[in-house]
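**Student:** Quick one: the structure is below, and I'll ask about it shortly.
The values are calculated or read from the model by the stated rules, or taken from the named source; none is laboratory data. Fair warning: this is a prediction, and the values are worked out from it, not measured in the lab. In this analysis, Cβ positions are derived from the backbone assuming ideal geometry, glycine residues included, and neighbour counts consider all displayed protein chains. Just so you know, the surface numbers come from the protein's heavy atoms only, side chains and all, with ligands and any DNA or RNA stripped out. Shrake-Rupley method; radii C 1.70, N 1.55, O 1.52, S 1.80 Å.
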There are 2 protein chains.
Amino acid sequence: MLSGLSDLRVVLVSTRNPLNIGAAARAMSNFGAQRLRVVNPYEPSFREARSAVGAASVLADAEEFASVGEAVADCRLVVGTTAAGRRELRHPLRTLEAGGRLIRKHLTVGPVALLFGSEKIGLSNTDLSHCDWLMRIPTRPEHGSMNLGQAVAVCLYELVRSAKVERTSGKNQLPEAQDLERITQLLFGVLRSSGYVKPRLAAATEENIRRMVRRLDLNAVDAEVWLGMLRQIAWKLENGALGS
Amino acid sequence: MLSGLSDLRVVLVSTRNPLNIGAAARAMSNFGAQRLRVVNPYEPSFREARSAVGAASVLADAEEFASVGEAVADCRLVVGTTAAGRRELRHPLRTLEAGGRLIRKHLTVGPVALLFGSEKIGLSNTDLSHCDWLMRIPTRPEHGSMNLGQAVAVCLYELVRSAKVERTSGKNQLPEAQDLERITQLLFGVLRSSGYVKPRLAAATEENIRRMVRRLDLNAVDAEVWLGMLRQIAWKLENGALGS
């Protein structure tokens, strides 16, 4: 009955306090989400967190990753969470309610990653550059920052709340995050060979490109086509003088 | 903006762990509820709970009572919370969603008490006898019992949820068709120079690319960026051997 979250990956990025990882696992178990992913936890011993009451299996099965890119590689939609009040965001920002609807729809066709940043600073700009869009929990602007375990609980509640099964046609399949990352890397390489990327700004440019590629909202078929086009352009830029 | 919860009293009954009281206070502050009431807390020193990050005033202003009856005496509606799966209940049981709607309605006319029981046993039958009805958070029957702070957060989220107006960004201006056509032509030229376009299929490929560029759904700002990137790639492909 409360399934529907079996394809959700809850991704905790750079979490400081292992008790918060345990608390997140407990909320996941309460609401029927089983797949926890942990990126660079501060305490490697998080699997013993006593706060995971009744959720030992979620913690035991948690997967560890060294980077956000690897943690979301097999997901077709990557959503970041944020407190109210960050104004510099260059991503589409959805309310938890509207975002939850979209996530539920995507969960009927493939894996979705839901990212939570560290207790102090949330998701970094690099983390955010992996996200398709962001979701905001409607906390007060004067006190936006939630406890991590509570934030996870609220988001998962929203996802199961109106667990009406929504069906979507299989033909609007989304690309996996790793395909979008390949497009990002190919495009970045092509732009570097072309002299578009200022060496001093390379890191920022790469993040901008990653964000822009995600804003394209490619479907899986078009993503393949873009990969093919960019590979050909990259090849030509490397071997140009010889072939022409 | 997120007021509306000023007449809500969050009532924690027989809480064992003072950290849970602090966590509840933090969630209250996040969602704009200020009136905490504590009945027979196990640790009288709960006001120092470090988990009340950013919510020191909620804890400081918390009122202590010796019984549920006293704690809810001035309220016009008293609602108990419960995990799924308790079968012996003799009270009307509402989903959090339906109950939340009713509570919001009552909050416009007077104080409402929302009761949370102790970590181990929840609300006792005596506690329940003070309630008008009960509200159930939709956790899994196999693992119904939530962390107290998380349960408070989820309930308060539901209460503020639909009081929100969705923000849409005004900078979602669309590019002019002529910009999309410029992108199409530049991309087509780059792909032709790269050997991607089979001469025999050039016309069909051009159409496919035009359609694909339109599917990107670019906004006006991103369209400019793509134009710049493609111009640079095209320039490099033409002048590559000389420049490199």
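**Student:** Search segment A:178-204 for residues being within 10 Å of chain B (Cβ to nearest Cβ) and in a helix (DSSP H, G or I), and hand back the single one that is most open to solvent (accessible area, probe 1.4 Å).
**Tutor:** A:S193
**Student:** Now, a different point. Considering only segment A:62-71, I want to know if a residue exists there that is surrounded by 15 or more Cβ atoms within 10 Å (Cβ to Cβ) and either touching a His at 6+ places or on another chain (Cβ under 7 Å) or closer than 16 Å to A:L159 by Cα (or both).
**Tutor:** Yes, the conditions are met somewhere in segment A:62-71.
**Student:** Is it the case that segment B:148-161 has a residue that's open to solvent by 40 Å² or more (accessible area, probe 1.4 Å) and either under 26 Å from A:G4 (Cα atoms) or at pLDDT 90 or above (or both)?
**Tutor:** Looking through segment B:148-161, none of the residues is open to solvent by 40 Å² or more (accessible area, probe 1.4 Å) and either under 26 Å from A:G4 (Cα atoms) or at pLDDT 90 or above (or both).
**Student:** Restricting attention to segment A:91-145, report how many residues are of a type in the set (V, I, T), assigned to a helix (DSSP H, G or I) and surrounded by fewer than 18 Cβ atoms within 10 Å (Cβ to Cβ).
**Tutor:** 1
**Student:** Another question, then. Identify the residue in segment A:1-41 that is small (G, A, S) and surrounded by fewer than 23 Cβ atoms within 10 Å (Cβ to Cβ) and, among all such residues, is nearest to the chain's Cα centre (by Cα). Give the derivation first.
**Tutor:** First, pick out the residues of segment A:1-41 that are small (G, A, S): A:3-4, A:6, A:14, A:22-25, A:27, A:29, A:32-33.
From the residues that got through so far, the ones that are surrounded by fewer than 23 Cβ atoms within 10 Å (Cβ to Cβ) too are A:3-4, A:6, A:14, A:32.
Numbers: A:S3: 21, A:G4: 18, A:S6: 16, A:S14: 14, A:G32: 19 Å.
Selected residue: A:S14.
**Student:** For segment A:42-53, name all the residues that are open to solvent by 10 Å² or more (accessible area, probe 1.4 Å), within 24 Å of A:I121 (Cα to Cα) and either assigned to a helix (DSSP H, G or I) or at pLDDT 95 or above (or both).
**Tutor:** A:P44, A:S45, A:R47
**Student:** Now for a separate question. Applying the selection to segment B:114-141, what residues are over 21 Å from B:P18 (Cβ atoms), among the aliphatic types (A, V, I, L, M) and modelled with pLDDT of 90 or more?
**Tutor:** Within segment B:114-141, B:L134, B:M135, B:I137 meet the criteria.
**Student:** Please enumerate the residues belonging to segment B:1-41 that are assigned to a strand (DSSP E or B) and of a type outside the set (D, E, K, R).
**Tutor:** Residues satisfying the conditions are B:L8, B:V10, B:V11, B:L12, B:V13, B:L36, B:V38, B:V39.
**Student:** Which of the residues that make up segment B:228-244 are surrounded by 17 or more Cβ atoms within 10 Å (Cβ to Cβ) and more than 8 Å from chain A (Cβ to nearest Cβ)?
**Tutor:** Correct list: B:L230, B:A234.
**Student:** Now for a different question. Can you pull out every residue in segment B:15-37 that is more than 25 Å from B:R161 (Cα to Cα) and not basic (K, R)?
**Tutor:** Initial filter on segment B:15-37 (more than 25 Å from B:R161 (Cα to Cα)): B:15-19.
B:T15, B:N17, B:P18, B:L19, listed by residue number.
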